[in-house]
Amino acid sequence: MRILFVLEHFYPYIGGAEHLFWELARALTAKGHNVRVVTTRFRSDLPEEETVSGISILRINCSNRFLFSFLSIPRVIREARSADLVHTTSYNAALPGFIAARLKGKPVIITFHEVWASLWWSLPHTPIWLKAGFWTWEQILLRLPYDRFVGVSKSTVAALTAAGVNPERMAMIYNGLDYSRFHANAHRPPADFTFTYFGRLGTSKGLDFLLPAAGRFLNDHPEASFKLIIPREPAAIFQWVLNELDALIRPAQVRLMHDLDQDALFEEVATSTCIVIPSRSEGFCFVAAEAVAMGVPIVSSERTALSEVVGGQVIPIEPLSIEGVEHALEAACRADWQRKEIRQFPLMASVDHYLGMMEEIVDARKKP
């Protein structure tokens, strides 16, 4: 089968959606399928075309993911000619993927990681006109007749249903993890309390709660430390983080890290007392699933899909506010953990579910 992925970001970009499609594309290639990816050239040092792990990556010379929605359309149409199926994702790759598939008569799948709906209106650091634009764009995508909408958790499927998507055109497929990667990274907590945030920068991630709360907590606990493992993009949010750190936290108590490879990242996570996930919303949350796989305790907002993924030793953030995060950190420092059932999300179960769905859709399209 020839599969064309249309994605706003892909390898080596860091993020939950990118992690899903990297693992899915690699697994499909290993099973003998032809996989091509059209994506952004989000860094100038990246080649416009390359093959990695058997995956053909075609980068549009455009670092802006919003412009990608339009500038990528001609290339996606050309690539769709030879594809059996187009697979895209929310948000900025969804339109070119749909247009190309429809023009070339190919089935198209969209994986929705989150449906934010009214959440758009509560995002910090976002002007009202941009919130309105995001909300409108999401509403348009939800109404396009994709052959299949995939939700990556029960929470996302419920949100798709609430948004009016036909349940007959929906599937729920959890994101998958290769648990063999975590065997060498069992939790080894440090002597002094150390809490960690790792993952991409986004306005829904709750850093506006976490950073002030961390400053207050660290001021009361001079022996404690904070590890912040983040990319440098988007530049505006990264600069805001730097400004907040300078204003709120003594330099000796914070370690700011970027661009860690997998081994180095897992080592930092495994040697933390706990990780903190203060998100307003999560469609799945690889950060949580990976921490659970390593046995690392989690301080979590428990919003949306986090309630499905977070397990082991946990402390919920109640309410989701600066004060709520600070109180949760105090509880974690006292080791006042709650115990929650651990769930696993095997990678091959996810791949097999996607592959079965793809084959079913392609076969149905071939029938007279």
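Data overview
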read-out	value
Under-5 Å amide H pairs with residue 254, H placed in peptide plane, nonlocal only	226
Where the Cα pairs of the range 70-122 fall when distances are cut into 5 Å bins, in %	4, 21, 27, 20, 11, 8, 6, 3, 0
Theoretical ellipticity at 222 nm over the chain - DSSP helices of four or more residues, -39500 (n - 2.57) apiece, nearest 500	-12000 deg cm²/dmol
Shape category assigned to the range 101-225 from the gyration tensor of Cα positions, a/c cut at 1.5	oblate
From phi via Karplus (6.51, -1.76, 1.60), per-residue ³J(HN,Hα) for the range 109-117 in Hz, x at Gly/Pro	10, 10, 9, 9, 7, 8, 10, 8, 6
Violating pairs (Cα-Cα greater than 32 angstrom) within the set 31/227; 227/340; 131/340; 205/366; 104/205	31/227; 131/340; 205/366; 104/205
C-alpha center-to-center spacing [the range 123-202, the range 318-345] in angstrom	21 Å
For the range 56-71 and the range 206-278, distance of Cα centres in Å	30 Å
Sparsely packed trypsin sites (Lys or Arg not before Pro) within the range 23-127, loop by DSSP, other Cβ within 10 Å at most 13	31, 43, 81
Cα gyration tensor shape of the range 179-340, rounded if a/c is under 1.5, else prolate or oblate by comparing a/b with b/c	rounded
Stokes-Einstein D for the range 263-368, Kirkwood Rh over Cα pairs, 4 °C, 1.567 mPa s (µm²/s)	84 µm²/s
Average Cα contact separation per residue, the range 179-340, under 8 Å, 6 or more apart, as relative contact order %	26 percent
Additional length obtainable on full extension of the chain from residue 349 to residue 248, 0.36 nm per residue less Cα span	32.0 nm
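Since every read-out is calculated from the coordinates, none of them should be taken as a lab result. From a predicted model like this one, the values you see are computed outputs, not experimental measurements. Quick reminder, even Gly has a Cβ in these numbers, built from the backbone with ideal geometry, and neighbours come from all protein chains shown.
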